[in-house]
1. Using the Cα gyration tensor of the stretch 188-274, with a ≥ b ≥ c the square roots of its eigenvalues, what is the shape: rounded (a/c below 1.5), prolate (a/b larger than b/c) or oblate (neither)?
2. In the stretch 196-295, which trypsin sites (Lys or Arg not before Pro) fall in coil by DSSP and have 15 or fewer other Cβ atoms within 10 Å?
3. So which GluC sites (Glu not before Pro) in the stretch 256-317 end up in coil per DSSP with only 12 or fewer other C-beta atoms within 10 Å?
4. Tally up the carbon and sulfur contribution to the accessible surface of the stretch 270-359 as a whole percent, 1.4 Å probe, everything protein left in place.
5. Given 0.36 nm per residue, what is the gain on full extension from Glu357 to Glu79 after removing their alpha carbon distance, in nm?
6. Would you mind telling me the share, in percent, of accessible area of the stretch 13-76 contributed by carbon and sulfur at probe 1.4 angstrom?
7. From the alpha carbon gyration tensor of the stretch 250-401, can you work out the equivalent ellipsoid semi-axes (sqrt of 5 times each eigenvalue) and give them in Å, largest to smallest?
8. Averaging sequence separations of C-alpha pairs under 8 Å and six or more residues apart, then dividing by the length of the stretch 265-319, give the relative contact order as a whole percent.
Amino acid sequence: MNLIKGEHMILKIAIVGFGNAGFQAVKAIRQLGKPAEIHVYSDKSLPPSNPMLTTYYVKESIPYDAMFPYGFMKQIQAEYGIVFHADTPVYAIDGPKRAVLFMDGSREIFDRILIATGALPFLPSTGWAGLERVMVMRTPEDACRLKETLDKQDIKSILVVGASMIGIKIAELARQRGIRCTMVDGAPYMFPMAAFESTADRVQQFLTDKGTLLSFSALLSDIRQDFGNRLTAVMKDGRTFTADIILVCIGTRANTACIRDDSIKVNRGILVDSRMMTNCEGVYAAGDCSEGYELQSGIPKIIGLWANAGYQGRTAGINMAGGQETFKHGLLCNISHFMGMDFIGMGDASGLDEQDEVYEYEKGSLYLKAVKRNGTIKCINMLDGAPVSGIIKNYFMKILDGRVGGMDMQLYGILVGAGIPGEFIGFMGGKC
């Protein structure tokens with residue numbers, strides 16, 4: 001399907017979905033200088049947005065434009081020379097034929113296709129999806145809807161279903177606006193995949209002291225609305241919680257709706273190799289819709305992080321343009337700042353056993369807990385210490401990747417100067 005222009009072969013490339021992964025792929029293709037006609041298909045008209053900035057807009061900490069870190073579409077189109085097909089949902093991808101199929105039955109053939117459709121909020125039911133005050137928080141549209149409701153209606157209470165990283169930000173903005181907030185979750189404590197129970201206990205006490213009501217082991221069964229527009233969330237154990245607004249923040253699921261047969265392999269997300277290519281030659285996937293290599297487990301996993309999506313998108317873009325790049329690793333990592341507290345979780349906090357080595361330290365607001373298994377770090381939790389979390393994460397990843405021969409004296413000094421004890425650095429395996 002190569003187009004000929006003068007003496008140059010021009011690739012015809014489709015980007016399906018346009019979040020961070022799609023944008024970084026476009027950027028990488030252009031940086032390589034390979035002649036390419038790039039078509040971007042989106043079911044929206046908006047440019048790439050960062051989901052974690054939505055609550056900051058509702059809080060009025062940032063303006064509307066700041067949710068779009070790469071600017072608006074006219075600017076992106078002019079800079080990168082793409083053909084943007086707004087409000088054009090893709091019905092299906094024919095992997096073996098490298099074809100994009102549309103809702104009207106038409107199709108286009110491409111030399112390369114990148115599936116970068118991201119993730120969608122998980123809703124355990126759709127029976128109450130039409131209720132006006134039942135909301136999710138993922139997109140700029142979601143943020144605008146919540147902000148308009150809070151600005152124009154008399155809202156006295158919010159129920160957050162899902163003590164997640166986004167859920168805790170909803171609790172923060174509720175507190176800022178003086179709205180009573182209750183947070184419920186089906187797990188026995190907060191952040192069970194990222195936090196040790198001892199860490200979660202400290203976060204939960206902090207939130208309780210700030211006025212947030214918490215309930216756990218509460219699985220959502222139904223949401224009902226009475227004639228006064230009052231909402232009631234019914235849990236599977238019979239407990240009920242009433243509120244003016246309910247935010248469902250249980251998590252996300254990979255958006256693989258455009259994969260309608262088994263020609264492209266899908267597990268929880270689209271399966272890709274280290275080049276971000278699917279099992280179909282010339283068809284790639286990147287971002288929250290894909291399962292890339294996860295360093296700690298050594299198996300493909302969805303790692304729903306903004307930076308990870310960008311790294312995968314760039315890897316795919318380079319390879320689609322004829323370069324050579326591999327996605328070497330991702331790591332489960334969560335960093336959240338709320339109400340003056342920082343939570344940092346690195347690695348997998350689940351499935352601990354009695355043979356694990358444990359390090360724990362607490363001084364003032366700083367709390368550290370790390371676990372080793374078979375001599376290798378399995379998980380690190382930090383409360384506060386965010387300024388040096390990047391150094392610790394990078395060192396953690398080097399350990400897992402077998403690339404550590406010692407820690408640079410300057411980095412060691414930065415960590416100690418920030419209050420990180422030398423014993424913790426040694427427990428990680430850090431040596432000057």
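1. On the way: a/c = 3.01, a/b = 1.43, b/c = 2.11.
Judged from the Cα gyration tensor, the stretch 188-274 comes out oblate (a/c at least 1.5, b/c at or above a/b).
2. Sites meeting the loop and neighbour criteria: Lys210, Arg230, Lys236, Arg239, Arg260, Lys265, Arg268.
3. Passing both the DSSP loop test and the Cβ count: Glu281.
4. Of all accessible area on the stretch 270-359, carbon and sulfur atoms account for 52 percent.
5. Roughly 94.9 nm would be gained on extension.
6. That fraction is 52 percent.
7. So the three semi-axes of the stretch 250-401 are 32, 16, 15 Å.
8. Averaging sequence separation for qualifying contacts and normalising by length gives 33 percent for the stretch 265-319.
The values are calculated or read from the model by the stated rules, or taken from the named source; none is laboratory data. Because the structure is predicted, anything quoted here is derived from the model rather than measured. Glycine gets a Cβ as well: all are built from the backbone with ideal geometry, and neighbour counts include every protein chain shown. Keep in mind that these areas ignore ligands, DNA and RNA; they rest on the heavy atoms of the full protein, side chains included. Shrake-Rupley method; radii C 1.70, N 1.55, O 1.52, S 1.80 Å.
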